[in-house]
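Heads up, the thing below is written out as structure tokens.
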Amino acid sequence: MKTRPTSDRLRETLFNVIARRIEGARFVDLYAGSGAVGIEAISRSAKFVWFAEDASAAAKAIRENLAGLKVAEGFSIEARGSKVLLDELVKRGEKVDVVFLDPPYEAAAEYSRTLEFLGSRGSGLLAEDALVIAEHRSKDALGDRYGVLERVRVLKQGDAGLSLFAQKPD
């Protein structure tokens, strides 16, 4: 009950906008909650999805949802949280195509911390044409720029908003 899943309508809007990027993508679902966004990416032929969720009940729900859908491969679940996953992906030299982050709205500092990490030139995590998407309250404005990440689009739907960021040189 403590998770705030991305609404079906907002998730549909998101995937309609990024549809061409999903097939074969390496997708990261940070603060994954029930895993609905990452599972949608799997259903749309993402190559691999990393889920990060440190709430044990939510991580369990992700496992149960994947098992219920008979998804047995093409994903990994990091139950120690988003920072641990991002650090591990950087350490392994992974390149990702899409990052979705949806921290609890009340954890406002997580937006800045995560976007600043992703936008730092040193992370090396993002593929050249990667897209970073942050779900947030529509009335809460995120910054226009975090390092090399620049907001390129905002979608609002009811109380929720999606800010899409792409890499732009300084």
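FYI, it's all coordinate maths here, none of it is from the lab. Predicted model only: the values in this text are computed from it and were never measured. Please note: Cβ atoms are built from the backbone with ideal geometry, for glycine as well, and neighbour counts cover all protein chains shown.
Quick notes on this one:
- With 0.36 nm allotted per residue and the present C-alpha distance subtracted, the ARG153-ALA72 stretch has 25.8 nm of extension available.
- The chain - mean residue ellipticity at 222 nm from DSSP helices (-39,500 (n - 2.57) per run, n ≥ 4, rounded to 500): -10000 deg cm²/dmol
- Cα-based reach from LYS156 at 24 Å (exclusive), listing lysines while leaving out same-chain residues under 8 positions away: LYS2, LYS139, LYS168
- Partners for LYS91 among lysines (Cα-Cα distance below 19 Å; same-chain residues under 8 apart left out): LYS83
- The trypsin sites (Lys or Arg not before Pro) of region 44-86 meeting both criteria, a DSSP state outside H, G, I, E and B (loop) and at most 16 other C-beta atoms within 10 angstrom of the site's C-beta, are ARG44, LYS47, LYS70, ARG80.
- With the biggest extent put first, the Cα atoms of the chain measure 45, 38, 30 Å across the principal axes.
- Each residue of region 98-107 was assigned a 3J(HN,Hα) from its phi angle through the Karplus expression (A = 6.51, B = -1.76, C = 1.60, θ = phi - 60°), giving 9, 10, 10, 10, 9, x, x, 4, 6, 9 Hz with x at Gly and Pro.
- In loop segments of region 1-101 as defined by DSSP, the GluC sites (Glu not before Pro) with at most 14 further C-beta atoms inside 10 Å of their C-beta are GLU23, GLU73.
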